[in-house]
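Structure, as structure tokens:
All of the numbers you see were taken from the coordinates with simple rules; none came from a lab. No experiment lies behind these values; they were computed from the predicted model shown. As a convention, Cβ positions derive from the backbone with ideal geometry for all residues, glycine included, and neighbour counts pool all protein chains shown.
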């Protein structure tokens, strides 16, 4: 009996390992309904367009492409998910001012903010340090459970500061927010 060619034996071993791995991946991908439907749609689309059988994508390749597209879609969603609006109370005041006076300049904004000192949000201007001190929106902290099981809470009196030179950036963000809100209507 002839000895098997060692190169062919090695080739067959690698081929079997590859397809065993592909079978596991295919089974895993087919359990995800979205990936399976996307792959089936891709195969059906090629058949509808009249692509010859020889040139059509294999089912394994369609599953792989669908899984890659799903992964890309999830990554894109994750990137945009971290962009939630995080306006503080000073920014809310600035947005209100810009709504009332859309063409206000930075100097006018500063004057309007100075006029609103002690109205609740803005505490004071420290021109020596270039800061505006302001209160956050109402913040409460649960302290303990009082008589009859009610929760007592205390207001946290914490002050925040913003740089006066940074008002131009806050003004730009306020204008952008109002522009986007007007576009969506």
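Please report 63, 159 as a ranked list, fewest other C-beta atoms within 10 angstrom at the top and most at the bottom.
Numbers: 63 26, 159 10.
Neighbour counts put them in this order, fewest first: 159, 63.
Return a whole-number percent for the relative contact order of the chain, with Cα pairs under 8 Å and 6 or more residues apart as the contact set.
Relative contact order comes out at 14 percent.
Most exposed first by the Cβ proxy, i.e. fewest other Cβ within 10 Å, how do 179, 170 rank?
Details: 179 11, 170 23.
The fewest-first ordering by Cβ neighbours comes to 179, 170.
Could you give the length gained by full extension between residue 40 and residue 24, i.e. 0.36 nm per residue of separation minus their alpha carbon distance, to one decimal place?
My answer for the length gained is 3.9 nm.
Sort 121, 53, 74 by Cβ crowding within 10 Å, fewest neighbours at the top.
The fewest-first ordering by Cβ neighbours comes to 53, 74, 121.
Only one of the listed values, (i) 133; (ii) 119; (iii) 363, was derived from the coordinates as volume of the Cα convex hull per residue in Å³; which label is it?
So the structure-derived entry is (iii).
Helix 106-115 versus the longest principal axis of the chain: what is the Cα-based angle in degrees, 0 to 90, to the nearest 10?
50
Rounding to the nearest 10 and keeping the result within 0 to 90°, find how far the Cα-based axis of helix 59-81 lies from the longest principal axis of the chain.
10
For the pair residue 49/residue 168, report the inter-label distance in nm, with labels modelled 7 Å from Cα in the Cβ direction.
The two pseudo-label positions are separated by 5.2 nm.
On C-alpha positions alone, give me the angle between the axis of helix 167-183 and the longest principal axis of the chain, in degrees, nearest 10.
Its long axis makes an angle of about 60 degrees.
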